[in-house]
Amino acid sequence: MTAAEAIRDLFPARKLERLLLVAPPDADAALFDNSVARRGRYSNYPPYGLGIIATVARSLGIEVRLLNLNHEMLKAVAGEGSLVYGDFVAHAIRAVVTEFRPDMVGVTCICSMTHDSAVAVCREIRDVAPQLPLALGGVHVTNCFMGGELSSGVLDAYAMVDIFFLYESELSFRRFVDTVRGEEAQLCQIAVQSGGVRYIADGQCLPAEHEIDILPAHDLMKSGELSSFGTIGSFFCLKAGLVRVTTVLSNRGCRGGCAYCSVRNFNGPGVRHRSVSSVIEELTLLKESFGINHVMWLDDDFLFDGRRAINLFNEMVRSNLGITWDCTNGVVAASCTDELITAAAASGCIGLNLGIESGNPEILRRARKPGTVSQFLKAAEVLRKHQQINSRAYLMIGFPDETYSMVKDTLDLALEMKLDWYNINILKPLPNTEMGDEMMRRAMKSANSEETRFSTGPYAKKVGRALQHNPFDTAKGGAVPDADELAEIWSYMNYRINYDRLFDQDPGLKLDQHLKYLTHISRTVAPEDPIPLYFMLLLQQKKSGTASPEDLEILEALVAASDVKRKTLAFFGLCADDFKHQK
Ligand code: SF4
């Protein structure tokens, strides 16, 4: 049997008139916490890929419904709400399948973190409609199809799925629809599962640059309301007033080929750009029809073509959109020239993350990072001139064979760069990446995907720990820290590069940015963590002469209830009594 024959078996009536698209909750039932959802901590990204498929389907005359379960759950618990995860998901799926009567359901699984949740959703759909063709797409699924140590056996969990869309799917979806309708079409990037056998049409059909000027179906994605119920990116908290945030994808792919990253696997080599006019059209639609006033670029290499980026920024200014923006996804430091960052700031940039990862040249070489220490320093120099841009960077520790002294290079670089904030991650491998496979082969503890699936973000376990000593003990310089020692290093580094220097922060724009961010961390992200709370109080005091008595009471209550928290502060020489004199 061929993939085309298997597809026609699934659609004996040769019709696909109603398509239901489903975005699963970000995490599964075991991780979802009503109280965390209520305080707005969970992320609520638009299902951008499904939005693009919806636009393509509509252009083929297909009626589309989009069920974004993540959003619907967060919306349901807002205010005083509460839900039972499994019941909510089952009811929502049953209701839409019964009422809409789709000819097919398409589910997305973007990342390995959502795997369990996507499996549960597929199971539920199969229970409700045993004969309904069920498709699955997204980065995670594509990675698993490509093989590799971490992905072996993962696809078995999707035995109930009929069709897998691999890579970017807008062209393969068109050909699939033609096939369903009985027309001749060259299937590509698709696999059909029937009777336990997978029939694969693996010809490549990534859309070319002139084929990606597509606006996703923002109406179905409910782009105007998502940020009222969860977070999108990490800079929106710097804005005052009502912030409506969504995401926009202005180009696809990345110039890099980092050994731990799967972008190149999914998007292919190089970068393809949308036209500037198409991006402006989308921003205008978002502003005028959905009231969006801040966007996070989804791009993996937003600044690859500097001339095009500057044109885009100039057009944003000319269009007078009044939209601010951020690059929560990291940008490549070498692109951050004075001219480009000046144009970025003028067009509404309020936050940028640099993808740095390491300050050690050998680690950068092994990771194949597109960047050098001198480029990082140069980019930091440019960013420091633009105070309105909150400049941050991603750092990573725990590379295979990375020693204490190599990690120390990263800490020292961060201090020298003097950016506003650093997000430190312990390296967790992705399926079908060179480093992921290496870590699995060497049985490194952090390669255990079950234990470490949620390594960052709102569902992550707390990384750090209370310290007994400075982990950068010189005697350990050449040793490779184990997983427990990495957690100690994380805590120490996080304090040294993010908090310690706030003692010297003068009042002004930067202090205001730090205060807004720490307020967000203390109120929404980590209300149990005494360190951001302590520094929020410190910055309040620097800004207005006094720390908030209510916030101080919260800090005092935290340390009174937990000896670990008191010791955590004490290790760094901090104490709630530091604010006592103002009482
Ligand atoms: S620069 Fe970023 S997006 Fe590009 S390959 Fe490296 S990690 Fe991936």
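The values are calculated or read from the model by the stated rules, or taken from the named source; none is laboratory data. Because the structure is a prediction, the values reported are computed rather than measured. Glycine gets a Cβ as well: all are built from the backbone with ideal geometry, and neighbour counts include every protein chain shown.
Just need a number here: residues in the stretch 44-61 that are of a type in the set (A, V, I, L, M) and within 22 Å of residue 232 (Cα to Cα).
Number satisfying all stated conditions: 4.
Among (1) modelled with pLDDT of 90 or more; (2) in a loop (DSSP other than H, G, I, E, B); (3) surrounded by fewer than 20 Cβ atoms within 10 Å (Cβ to Cβ), there is one condition residue 147 misses while meeting the rest; what is its number?
The one condition residue 147 does not meet is (1).
Based on this model, can you work out whether residue 302 counts as within 16 Å of the ligand (Cβ to nearest atom), of a type in the set (Phe, Trp, Tyr) and within 29 Å of residue 242 (Cβ to Cβ)?
It is true that residue 302 is within 16 Å of the ligand (Cβ to nearest atom), of a type in the set (Phe, Trp, Tyr) and within 29 Å of residue 242 (Cβ to Cβ).
What about residue 524, is it polar (S, T, N, Q) and free of Cβ contacts under 8 Å to residues at least 12 places away in the same chain?
The answer is no for residue 524.
Keeping to the stretch 28-51, report how many residues are buried (at least 22 other Cβ atoms within 10 Å of the Cβ) and under 23 Å from residue 296 (Cα atoms).
Summing the residues that are buried (at least 22 other Cβ atoms within 10 Å of the Cβ) and under 23 Å from residue 296 (Cα atoms) in the stretch 28-51 gives 9.
Output the residue which, of all residues in the stretch 67-87 that are more than 29 Å from residue 430 (Cβ to Cβ) and assigned to a helix (DSSP H, G or I), is nearest to the chain's Cα centre (by Cα).
So the residue we want is 75.
Do you know which of the residues in the stretch 88-126 that are hydrophobic (A, V, I, L, M, F, W, C) and in a loop (DSSP other than H, G, I, E, B) is modelled with the lowest pLDDT?
Filtering first and then ranking leaves 111.
When you scan the stretch 27-65, how many residues do you find that are part of a loop (DSSP other than H, G, I, E, B) and more than 20 Å from residue 249 (Cα to Cα)?
Adding up the residues that qualify gives 14.
Answer yes or no as to whether residue 327 is under 25 Å from residue 71 (Cα atoms), surrounded by fewer than 23 Cβ atoms within 10 Å (Cβ to Cβ) and not acidic (Asp, Glu).
Against the criterion (under 25 Å from residue 71 (Cα atoms), surrounded by fewer than 23 Cβ atoms within 10 Å (Cβ to Cβ) and not acidic (Asp, Glu)), residue 327 does not qualify.
Scanning for something over 20 Å from the mean Cα position of the chain (by Cα), over 19 Å from residue 337 (Cα atoms) and within 16 Å of the ligand (Cβ to nearest atom), does the stretch 375-394 turn up at least one residue?
no
Residue under question is residue 283, and the condition is that it be in contact (Cβ under 8 Å) with a residue 24 or more places away in the chain, over 24 Å from residue 394 (Cα atoms) and not charged (D, E, K, R); does it hold?
Considered against the rule, which asks whether it is in contact (Cβ under 8 Å) with a residue 24 or more places away in the chain, over 24 Å from residue 394 (Cα atoms) and not charged (D, E, K, R), residue 283 comes out as yes.
If you go through the stretch 392-403 one residue at a time, do you hit one that is basic (Lys, Arg), touching a residue at least 12 places away in the same chain (Cβ under 8 Å) and touching a helix residue (DSSP H, G or I) at 6+ places or on another chain (Cβ under 9 Å)?
Looking through the stretch 392-403, none of the residues is basic (Lys, Arg), touching a residue at least 12 places away in the same chain (Cβ under 8 Å) and touching a helix residue (DSSP H, G or I) at 6+ places or on another chain (Cβ under 9 Å).
In the stretch 267-276, which residue that is more than 10 Å from the ligand (Cβ to nearest atom) and outside any loop (DSSP other than H, G, I, E, B) is farthest from residue 428 (Cα to Cα)?
Per the stated criteria, the residue is 276.
Yes/no matrix, rows are residues, columns are (1) part of a helix (DSSP H, G or I); (2) crowded, with 17+ Cβ neighbours inside 10 Å:
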| site | (1), (2) |
| --- | --- |
| 497 | yes, yes |
| 512 | yes, no |
| 527 | no, no |
| 542 | yes, yes |
| 551 | yes, yes |
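Of the numbered conditions (1) at pLDDT 95 or above; (2) farther than 20 Å from residue 487 by Cβ; (3) away from the ligand (no atom under 16 Å from the Cβ); (4) surrounded by 17 or more Cβ atoms within 10 Å (Cβ to Cβ), residue 409 satisfies every one except a single condition; which is it?
So the condition that residue 409 fails would be (2).
If the requirement is being on the phi < 0 side of the Ramachandran plot, in a loop (DSSP other than H, G, I, E, B) and either assigned by TED's automatic domain parsing to the domain that holds residue 167 or more than 16 Å from the ligand (Cβ to nearest atom) (or both), which of these qualifies: 292, 310?
Of 292, 310, the one residue that is on the phi < 0 side of the Ramachandran plot, in a loop (DSSP other than H, G, I, E, B) and either assigned by TED's automatic domain parsing to the domain that holds residue 167 or more than 16 Å from the ligand (Cβ to nearest atom) (or both) is 292.
Only residues that are more than 12 Å from the ligand (Cβ to nearest atom), in contact with a strand residue (DSSP E or B) (Cβ under 9 Å, 6 or more places away or on another chain), more than 25 Å from residue 51 (Cα to Cα) and assigned to a loop (DSSP other than H, G, I, E, B): list them for the stretch 235-258, please.
239 - this is the single residue of the stretch 235-258 that is more than 12 Å from the ligand (Cβ to nearest atom), in contact with a strand residue (DSSP E or B) (Cβ under 9 Å, 6 or more places away or on another chain), more than 25 Å from residue 51 (Cα to Cα) and assigned to a loop (DSSP other than H, G, I, E, B).
Before we move on, is residue 372 surrounded by fewer than 18 Cβ atoms within 10 Å (Cβ to Cβ), under 30 Å from residue 486 (Cα atoms) and within 16 Å of the ligand (Cβ to nearest atom)?
yes
Scan the stretch 323-366 residue by residue and report those that are over 19 Å from residue 412 (Cα atoms), assigned to a helix (DSSP H, G or I) and within 14 Å of the ligand (Cβ to nearest atom).
Hits for the stretch 323-366 are 334, 335, 366.
Could you count how many residues in the stretch 307-322 are buried (at least 21 other Cβ atoms within 10 Å of the Cβ) and within 10 Å of residue 283 (Cβ to Cβ)?
The number of residues fulfilling the criteria is 3.
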